[in-house]
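Okay, so here's the structure we're looking at.
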Amino acid sequence: MLQTLEVEYRDDTARVWLNRPELRNALDPRLIAELTETFMDLAQDGAVRAIVLGGRGKAFCAGADLNWMRASAEASDADNRDDALTLATLLQTIAGCPKPTLARIHGPCMAGGMGLAAACDIAIATPAARFALSEVRLGLIPAMISPYVLRAIGARAASRYFLTAEVFDAETARRIGLLHDWCDEDQLDERIGHLLAQLRLGSPDALAHTKTLIRDVAGQPIDGALLEDTAARIAQQRASDDGREGMAAFLEKRRPSWAPPED
């Protein structure tokens, strides 16, 4: 039984809710373990086309649980490394999930919460959302979340927000690349529903391979090796079942088998 999460299934979408509202959905070992296991399971669930990650209560995720942080200060170096690897594994599991992932953000999204948002493929927030990378004010560094936040906002923006730990708003988060969009809270689910509808038009197989493509190609030099690699990828996809079905559907002016029927 899940103690820190709720998972809802609507049609072909899984909605994963962080469910520690009294603690602003702060991360602790149990929440991290349940999130990791849940995303691993959903990655293998053929009935799930996309995953939405959100938070119950007034926050998306306020960062690390204070009791967890207090215990880490007394732990051995080896225990701290093992403990930190659990969060690193969670973020890698979310980022590596073959299904499209969407972060539904409202209220505080701090530190580790920003890591969760950045690990998702798409992030949408409300104007009331607030963000911060507060680690340096606690004498810490944003180590495990850094690969995902840096990928989202770039090193230049990270130089400011990693170092100042200042709080910034949704408009700033969109401007620097953490968010793809923001909207009023009463429109948030409608906006996410629109994105889910667009994702349903894509082949699940092609979406999974496109996620891998983005991870593998981003930042690589455009040289002969990259040309060979990308050519091999498209050749393989053209010969796949979904590649053949997609092209046949286009030429026959019909929807492909994976797409829902038109209303």
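The values are calculated or read from the model by the stated rules, or taken from the named source; none is laboratory data. Note that this is a predicted model, so its numbers are computed, not measured. Virtual Cβ from ideal backbone geometry, glycine too; neighbours counted across all protein chains shown. Keep in mind that these areas ignore ligands, DNA and RNA; they rest on the heavy atoms of the full protein, side chains included. Shrake-Rupley method; radii C 1.70, N 1.55, O 1.52, S 1.80 Å.
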> Do we find that Glu8 is farther than 19 Å from Ile145 by Cα and either part of a helix (DSSP H, G or I) or within 20 Å of the chain's Cα centre (by Cα) (or both) in this structure?
Replying inline: yes
> Exactly one of (1) buried (at least 24 other Cβ atoms within 10 Å of the Cβ); (2) out of contact with any helix residue (DSSP H, G or I) (no Cβ under 8 Å at 6 or more places or on another chain) is unmet by Leu140. Its number?
Replying inline: (1)
> If you take the residues in the range 90-115 that are touching a helix residue (DSSP H, G or I) at 6+ places or on another chain (Cβ under 9 Å) and over 17 Å from Ile51 (Cβ atoms), which one is surrounded by the fewest Cβ atoms within 10 Å (Cβ to Cβ)?
Replying inline: His106
> Of the numbered conditions (1) outside any helix (DSSP H, G or I); (2) over 14 Å from the mean Cα position of the chain (by Cα), Ala123 satisfies every one except a single condition; which is it?
Replying inline: (2)
>> Take Met40 and tell me if it is at negative phi, among the hydrophobic types (A, V, I, L, M, F, W, C) and in contact with a Ser or Thr (Cβ under 7 Å, 6 or more places away or on another chain).
In response: yes
> Mind checking which pairs have a first residue in the range 60-84 that is in contact (Cβ under 8 Å) with a residue 40 or more places away in the chain and a second that is polar (S, T, N, Q) and surrounded by 15 or more Cβ atoms within 10 Å (Cβ to Cβ), Cβ under 6 Å, 6 or more apart or different chains?
Replying inline: Cys61/Asn25
>> Looking at the range 238-255, can you tell me whether even one residue there is of a type in the set (Ser, Thr, Tyr), open to solvent by less than 50 Å² (accessible area, probe 1.4 Å) and over 20 Å from the mean Cα position of the chain (by Cα)?
In response: yes
> Here are some residues: Arg130, Arg151, Arg137. Which one is within 21 Å of Gly57 (Cα to Cα) and among the charged types (D, E, K, R)?
Replying inline: Arg130
> Among the residues of the range 223-237, which ones are within 28 Å of the chain's Cα centre (by Cα) and either open to solvent by 70 Å² or more (accessible area, probe 1.4 Å) or not small (Gly, Ala, Ser) (or both)?
Replying inline: Leu226, Asp229, Thr230, Arg233, Ile234, Gln236, Gln237
> Mind checking whether some residue in the range 29-40 is part of a loop (DSSP other than H, G, I, E, B) and either open to solvent by 60 Å² or more (accessible area, probe 1.4 Å) or farther than 22 Å from Ser257 by Cβ (or both)?
Replying inline: no
>> Criterion first (over 18 Å from the mean Cα position of the chain (by Cα) and open to solvent by 70 Å² or more (accessible area, probe 1.4 Å)) does Arg20 satisfy it?
In response: no
> So which residues in the range 198-210 are aliphatic (A, V, I, L, M) and either open to solvent by 50 Å² or more (accessible area, probe 1.4 Å) or over 22 Å from Arg244 (Cα atoms) (or both)?
Replying inline: Leu201
> Restricting attention to the range 65-74, which residues are open to solvent by 40 Å² or more (accessible area, probe 1.4 Å) and either outside any helix (DSSP H, G or I) or at pLDDT 90 or above (or both)?
Replying inline: none
>> If I ask for residues that are under 29 Å from Asp242 (Cα atoms) and surrounded by fewer than 17 Cβ atoms within 10 Å (Cβ to Cβ), which ones from the range 211-222 would you list?
In response: Thr212, Leu213, Ile214, Arg215, Asp216, Val217, Ala218, Gly219, Gln220, Ile222
> Within the bounds of the range 162-185, is there any residue that is open to solvent by 20 Å² or more (accessible area, probe 1.4 Å), modelled with pLDDT under 95 and part of a helix (DSSP H, G or I)?
Replying inline: yes
> Can you spot a residue in the range 50-63 that is at positive phi, surrounded by fewer than 22 Cβ atoms within 10 Å (Cβ to Cβ) and either modelled with pLDDT under 95 or over 19 Å from the mean Cα position of the chain (by Cα) (or both)?
Replying inline: yes
